[in-house]
Amino acid sequence: MSIAQSLENIGFLSDFSQSVLVYPIVLSIHLTDLALFGGMILMTNLRLLGLTFNKVSITQMVTSLRPWKRLGGTVQLATGLLLATSEATKYARNPFFWTKMIILGLIGVHALVFRPSVYNRTEELDRLPITPPNVKVAAILSLVLWTAMFTMGRLIAYWE
């Protein structure tokens, strides 16, 4: 808890958490970006599963959304870090926050495992007559992990 209190007491974080204007704006940016970022993740995974966007190649879907997902992820991390550190003592005791952090770590593992075999081999996948099982596993796991992460993030506000 002393680390959490130390974080909260950093001048600009303390000012930020008490701001009636800036905190809600950053939270709104975080939530708006969440919707856009989540939508891009959903679109990519639905395409990998072959459930929709079948007229768009996997390569087109992945490569066209990649820079936007990177931007969205950066905004999520930056605003989330700002929101969490400004109220660190509240978050330090929140099981939904820690569950979200564990899921974030699992998303990182997912990226390490599937980036080389799926997301960096899209042109090869486009040439195959059927989607390989590992691609479907990657998409389903991605949907489960991101949905869990977004859910835990939302539940943070409801834990007292």
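The values are calculated or read from the model by the stated rules, or taken from the named source; none is laboratory data. Small disclaimer: the values here were computed from a predicted structure and weren't measured. Glycine gets a Cβ as well: all are built from the backbone with ideal geometry, and neighbour counts include every protein chain shown. Ligands, DNA and RNA are excluded from the accessible area calculation, which covers all protein heavy atoms including side chains. Shrake-Rupley method; radii C 1.70, N 1.55, O 1.52, S 1.80 Å.
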Compute the projected area of the convex hull of the Cα atoms of segment 92-145, averaged over all viewing directions, and report it in nm² to one decimal place. 4.0 nm²
With θ set to phi - 60°, apply the Karplus curve 6.51 cos²θ - 1.76 cosθ + 1.60 along segment 145-158 and write out the HN-Hα couplings as whole Hz, x wherever there is a Gly or Pro. 5, 5, 5, 5, 5, 5, 5, 4, x, 5, 6, 3, 5, 9
If you take the alpha carbon radius of gyration of segment 1-149 and divide it by 2.2 N^0.38 Å, what ratio comes out, to two decimals? 1.24
Evaluate the distance, in nm, between pseudo-label points positioned 7 Å from the Cα of Ala92 and of Leu77 along their respective Cα→Cβ axes. 2.4 nm
Is any residue of segment 49-79 close enough, with backbone N under 16 Å, to a label point placed 7 angstrom from the Cα of Glu123 along the Cα-Cβ axis, and if so, which? 57-64
Between Ser2 and Ala35, the FRET efficiency computed from the C-beta separation at R0 = 22 Å comes out, to the nearest 0.05, as 0.05
Counting helices only, and only those DSSP H runs with n ≥ 4, report the 222 nm mean residue ellipticity of the chain as the sum of -39,500 (n - 2.57) divided by its residues, in deg cm²/dmol to the nearest 500. -26000 deg cm²/dmol
Pop out the carbon and sulfur fraction of the accessible area of segment 24-82 as a percent, whole number, probe 1.4 Å. 75 percent
Could you report segment 36-98's accessible area per residue, 1.4 Å probe, as an integer in Å²? 52 Å²
Determine the sum of side-chain charges near Ile41: Lys and Arg each +1, Asp and Glu each -1, restricted to other residues whose C-beta is under 15 angstrom from that of Ile41. +4
Full extension from Leu112 to Met43: what is 0.36 nm times the residue separation minus their Cα-Cα distance, to one decimal in nm? 22.8 nm
Tell me the angle of helix 58-86 to the major Cα principal axis of the chain, expressed in degrees between 0 and 90 and rounded to the nearest ten. 10 degrees
